[in-house]
1. When the chain is treated as a GNM, springs tying every alpha-carbon pair under 10 Å, which of 64, 126, 26 comes out with the largest mean-square fluctuation?
2. Full-extension gain between residue 168 and residue 22, please, as 0.36 nm times their residue separation minus the C-alpha to C-alpha distance.
3. Remind me, relative contact order of segment 2-200 in percent, using alpha carbon pairs under 8 angstrom and six or more residues apart?
4. Which angle between 0 and 90 degrees, to the nearest 10, do you get for helix 45-54 versus the longest principal axis of the chain when only C-alpha atoms count?
5. Figure the gain on full extension for residue 101 and residue 146 (residue separation times 0.36 nm, minus the Cα-Cα span) and round it to one decimal in nm.
6. Taking the 0 to 90 degree range and rounding to the nearest ten, how far is the long axis of helix 125-144 tilted relative to the main principal axis of the chain, both from C-alpha atoms?
7. When the chain is modelled as a GNM with alpha-carbon springs shorter than 10 Å, which of 152, 135, 183 fluctuates the most?
8. Based on the inverse mean of 1/r over its pairs of different Cα atoms, what is the Kirkwood hydrodynamic radius of segment 2-200, in Å?
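Please treat every number below as a calculation from the coordinates, not as lab data. Predicted model, so just to flag it, every value in this text is computed and none were measured. Here the Cβ positions follow ideal geometry from the backbone for every residue, glycine too, while neighbour counts run over all protein chains shown.
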Ligand SMILES: NC(=O)c1ccc[n+]([C@@H]2O[C@H](COP(=O)([O-])OP(=O)(O)OC[C@H]3O[C@@H](n4cnc5c(N)ncnc54)[C@H](OP(=O)(O)O)[C@@H]3O)[C@@H](O)[C@H]2O)c1
């Protein structure tokens, strides 16, 4: 089974990569902006097209790449919101729109949204909006994909390995164990779920 993991050297991605790497008959290709086996910038549709063009047909495409702006709502500008929209939101959408032609029949996409879609953090409007849009894209795209291709989103809460980096943004949040987050992705990749938002924070 050939799996492309975009963002596979990031905090969540590397734990997922370690779990996938232990499975038999799984051929894992890790992509990142500067890290991994293959380079791609998901803010660029040309770069995404180039990546898929270099790879064999895939059974699963997983994206754990992207982030968004945190900052004061009163002074927040379009310029501050755009990188996250172009990266985490449109980047993941383009991975699906372009990648669907490089996915085998019955293959799957797994995107990443986040708890902020339902429980926005203070100063986290951009991220909340992006995560909500990803979830809605997944619900709708699941109805449109052909050849039994599936799509889901994993929506993590603050993960344990990010406590130091992001903990201050989410006071009082219980951090989610990495094994729970990884299992959410495994359910999407290897299960039969389609059009599901796999919430790993409840
Ligand atoms: N960490 C959390 O607690 C948490 C909670 C909820 C949701 N999430 C979401 O989960 C996802 C992963 O989070 P994370 O904390 O694991 O992120 P991270 O540690 O910052 O890692 C991000 C990964 O994505 C790659 N990447 C970033 N921008 C890219 C681009 N434009 N094109 C291609 N690859 C790119 C990076 O590669 P390079 O290093 O090579 O640039 C890196 O491997 C994000 O969407 C985040 O919003 C995270």
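1. Fluctuation is largest for 26.
2. My answer for the length gained is 49.2 nm.
3. Relative contact order for segment 2-200 comes out at 19 percent.
4. Between helix and principal axis, roughly 30 degrees.
5. On the way: separation 45, 0.36 × 45 = 16.20 nm, distance 1.01 nm.
Going from the current span to full extension adds 15.2 nm.
6. 30
7. 183
8. On the way: mean 1/r = 0.0596 Å⁻¹.
Over segment 2-200, the inverse of the mean reciprocal pair distance is 16.8 Å.
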